[in-house]
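Novice: Okay, here's the structure, questions in a sec.
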Amino acid sequence: MFRSPHPELVPLLEKHDLSWELFAKKGRLPQGLQWVSEKRRDVITELHLAGTSWTEMTLVTGLSLGAIQRGTRAMWNEASKRNRQESAARVGASRKGEVKPWLSTQLRQGWQEGKYDFFKGRVRTQGEIERQRAALTPEVRSGMSATHKKLWETPEYREFLLAFHRSPQERRRRSKRTTKYIAKHPGKSSRGRCAWHHGIKCSRSKVWTRSSYERAAMTILDTNPEVVSYDVESLLRDSVGYFLPDIIIRYSSGRVCLVEVKASWVLRLPPNDKNQTRLERSRQFALAQGWDFEIWTEKDRLAHVVL
């Protein structure tokens, strides 16, 4: 704390009838001096309303940045907004016309160094969300679109984005999110001859089936006296992430079988096809659990029951 008040602070102290000694007093105020906190807030608020930056306020008042931010009553005032806009405009004008892949490099480096850890887990308030939406005017959106298109034309920037989206970590994250969404909203992510089916022995009385083959398989299971119960598209997790196998059957003998219901043409696909990869993933999971694994097609188990 300074020994004497800053020249810009003197008229404010006189205006609010507050001495420098009381304004600069540290720690808890004695009984009867609580009014000092209010007057101190009045001084800080007046500085803030005048458009004084955070750095300038710390220099003028001698207070810490945290004390100033807690003390002001003028958050998001118009003068401060203009101050930030003018500062941003000066920064933008200093590098006008540049392609800025360097900015992504700086941000990534900052994240790695932990400079932005205070953002982790933080939930935006409704007021913040509304302010951000209001700031995205058609002009701002148009400028952002033009910037992104220009960056996309830069080979280094384009390859960086593509490498990120193709990375195993990002693909695993999207797969997890999509699998959970499909399990929660089965009717919104379906193609083919989909329909609701009421299974007698199914763990759920009403399930969304994605093909007539699946409904045929459920009909077989409902009429098989050896079947105790079965689950359809249970959300399972392995070392790769989440996935939804077609059917898990429990027999009266204690046997458990994981069944994938597929069209016969799927079995003729090359081994590296995503459908074959998913079948192999289900088979490996079943073996790890000590279950049996079967693939039912319209040419064998479903031959006489296809709906």
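Novice: Multiply the residue gap between TRP152 and VAL36 by 0.36 nm, knock off their C-alpha separation, and tell me the result in nm, one decimal place.
Specialist: 36.1 nm
Novice: From a point 7 Å beyond the Cα of ALA135 in the direction of its Cβ, which residues of the range 72-98 have a backbone N at a distance under 19 Å?
Specialist: 74-94
Novice: Working from the alpha-carbon coordinates of the range 80-238, get Rg over Rh, Rh being the Kirkwood radius.
Specialist: That ratio is 1.17, to two decimals.
Novice: With a sphere of radius 15 Å drawn around the Cβ of ARG133, what net charge do the other residues whose Cβ falls strictly inside it have (Lys, Arg +1; Asp, Glu -1)?
Specialist: Local charge sum for ARG133: 0.
Novice: Give a residue-ordered list of calculated ³J(HN,Hα) values for the range 42-57 (Karplus: 6.51 cos²θ - 1.76 cosθ + 1.60, θ = phi - 60°; whole Hz; x for Gly, Pro).
Specialist: 4, 5, 4, 4, 5, 4, 5, 5, 7, x, 5, 6, 4, 4, 5, 5
Novice: Can you list residues whose amide H is under 5 Å from VAL228's amide H, if they're 5+ apart or on another chain and H is modeled 1.01 Å from N?
Specialist: The answer is ARG250, TYR251, SER252.
Novice: Still on this structure, please answer the following. Under the rule of -39500 (n - 2.57) per DSSP H run of 4 or more residues, summed and divided by the residues of the chain, what mean residue ellipticity at 222 nm is obtained, to the nearest 500 deg cm²/dmol?
Specialist: Working: 13 runs with 151 residues, N = 307.
Calculated from helices alone, the mean residue ellipticity at 222 nm is -15000 deg cm²/dmol.
Novice: From the P(r) of the chain, could you give the percentage of C-alpha pairs in the tail past 38 Å? Each step should come with its number before you reach the end.
Specialist: Working: 23737 of 46971 pairs.
Roughly 51 percent, once rounded to a whole number.
Novice: Please determine, in degrees from 0 to 90 and to the nearest 10, the orientation of helix 126-135 with respect to the longest principal axis defined by the Cα atoms of the chain, where the helix direction is its Cα long axis.
Specialist: On a 0 to 90 degree scale, this one is about 80.
Novice: Stretched out fully, how many nm does the piece from GLN289 to GLU46 gain, at 0.36 nm a residue minus the Cα gap?
Specialist: So the chain would gain 80.6 nm between GLN289 and GLU46.
Novice: I need the calculated FRET efficiency for the pair TRP196 and TYR251, taking r as the beta carbon distance and R₀ as 25 Å, to the nearest 0.05.
Specialist: The computed FRET efficiency comes out at 0.45.
Novice: Using the charge dipole of the chain (Lys, Arg: +1 at Cβ; Asp, Glu: -1 at Cβ; taken about the Cα centre), state which of SER87, THR61, GLN34 has its Cα farthest towards the positive end.
Specialist: After comparing all options, I get SER87.
Novice: In terms of Cα to Cα distance under 26 Å, which lysines are near enough to LYS201, apart from those fewer than 8 places away along the same chain?
Specialist: Here the lysines satisfying the reach criterion relative to LYS201 are LYS180, LYS184, LYS188, LYS262, LYS299.
Novice: Let me ask you something else. Nearest 10 degrees, 0 to 90: what angle lies between the long axis of helix 101-112 and the longest principal axis of the chain (Cα atoms)?
Specialist: 90
Novice: Between the range 59-123 and the range 12-37, how far is it from one alpha carbon centroid to the other, in angstrom?
Specialist: Their Cα centres are 31 Å away from one another.
Novice: Rank the residues MET57, MET75 as a footprinting-exposure proxy: fewest other Cβ atoms within 10 Å of their Cβ go first.
Specialist: MET75, MET57
Novice: Also, I was wondering about something else. Using θ = phi - 60° and the Karplus relation 6.51 cos²θ - 1.76 cosθ + 1.60, list the HN-Hα couplings for the range 255-271 in order, rounded to whole Hz, with x at every Gly or Pro.
Specialist: Computed from phi, the couplings for the range 255-271 are 6, 10, 9, 9, 10, 9, 9, 9, 6, 4, 5, 4, 6, 8, 6, x, x Hz.
Novice: Only counting other Cβ atoms within 10 Å, I'd like HIS197, HIS48, HIS165 sorted with the fewest neighbours first.
Specialist: On the way: HIS197 19, HIS48 22, HIS165 9.
Ascending Cβ contact count within 10 Å gives the list HIS165, HIS197, HIS48.
Novice: Tell me the Kirkwood hydrodynamic radius of the range 24-154 in angstroms, computed as one over the mean inverse distance between distinct C-alpha pairs.
Specialist: Averaging 1/r across every pair of different Cα atoms and inverting gives 18.4 Å.
Novice: Within the chain, what percent of beta bridges assigned by DSSP are antiparallel, to the nearest 5?
Specialist: Numbers: 14 of 20 bridges.
Percentage antiparallel, nearest 5: 70.
Novice: Describe numerically, in nm with one decimal, the distance between label points set 7 Å from Cα along Cα→Cβ at GLU78 and at SER203.
Specialist: Computed distance between label sites GLU78 and SER203 equals 6.1 nm.
Novice: What's the exposure ranking of LYS176, LYS115, going from fewest to most Cβ atoms within 10 Å? Intermediate values should be presented prior to the final figure.
Specialist: On the way: LYS176 15, LYS115 11.
Least crowded to most crowded, the residues run LYS115, LYS176.
Since every read-out is calculated from the coordinates, none of them should be taken as a lab result. This structure is a prediction, so every number in the text was calculated from the model and none was measured. Note that each Cβ is placed from the backbone with ideal geometry, even for glycine, and that neighbours are counted across all protein chains shown.
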